[in-house]
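What follows is a set of notes on a single structure, which appears directly below.
The values are calculated or read from the model by the stated rules, or taken from the named source; none is laboratory data. Computed from a predicted model, the values in this text were never measured in an experiment. Methodologically, a virtual Cβ is constructed for each residue, glycine included, from the backbone with ideal geometry; neighbour enumeration extends over all protein chains shown. When the accessible area is computed, the model is the full protein with side chains, heavy atoms only, and any ligands, DNA or RNA have been set aside. Shrake-Rupley method; radii C 1.70, N 1.55, O 1.52, S 1.80 Å.
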Amino acid sequence: MSKCAVIISGGALDDAFALDVLNEIEDRLVIGVDAGVKFLYRNQILPNYIVGDFDSLSEEIVTYYKKETKVPIREFNPVKDASDTEIAIRFGMTLGCERLIILGATGNRMDHMWANVQSLSIALKAGVQAEILDKWNRIRLIDGRTVLKREEAFGKYFSIFPLGSNVMDLSITGAKYPLSHYTLTSSCSMCVSNEFSSDEVTIDFPIGVVILMETRDKSDIR
């Protein structure tokens, strides 16, 4: 089974960026999630699986995948206890994937985006790498010492926020704005828009979970 699942969710998608991501990953499977299937349909990409309640898909698209393809489809009642993206994350984990890349998890609906960020904790607890990716942002969760390398950075900036309780004894080295043994709270914006000052940045804390966002400006994309 593939080590990486690319989950195509129903938020905002830049087709060119999403196609680049798919083309860069050789050993991967594709999970289409509800409205995210529209992207697959218009780009003539056959996913490995489709999940969702299909309340955001036209009958034409649903009929095509049900009758014209052999793609396994897991259809859920719209009245359910989990979002389509959460269902896809759990499904990707049951397939034995060690890495999950989620496209289409951001966009106009901030409630959906925040639910998707929180859902990353499901993978974190299971020891599975998971990240939300769009043209401007890479979002993931970390639960301890993490080293960022400038040559591998998604963008110029990185920001961190606590997920849940306060993060105690936080230190950041190798950054433009270093910290030493700091307490990061949910009401603090101290750690927004930091930058590299050396080739490596180390984020270190003993307990807790942090949302790590690596971000780009328009000037960073050529």
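Between the alpha-carbon centres of the stretch 2-26 and the stretch 52-114 there is a gap of 14 Å. Expressed as a whole percent, the accessible surface of the chain that belongs to carbon and sulfur atoms is 47, based on a 1.4 Å probe. Counting only protein heavy atoms and a 1.4 Å probe, the stretch 98-188 has 52 square angstrom of accessible area per residue. Computed 3J(HN,Hα) for the stretch 146-154, one whole-Hz value per residue from the Karplus formula 6.51 cos²θ - 1.76 cosθ + 1.60 where θ = phi - 60°, is 9, 10, 9, 10, 4, 5, 10, 5, 6, glycine and proline marked x. Rounded to the nearest 500, the helix-only mean residue ellipticity at 222 nm of the chain stands at -7000 deg cm²/dmol, with each DSSP H run of n ≥ 4 adding -39,500 (n - 2.57). Within the stretch 42-72, the GluC sites (Glu not before Pro) that combine a DSSP coil assignment with at most 15 other C-beta atoms in a 10 angstrom radius are Glu68.
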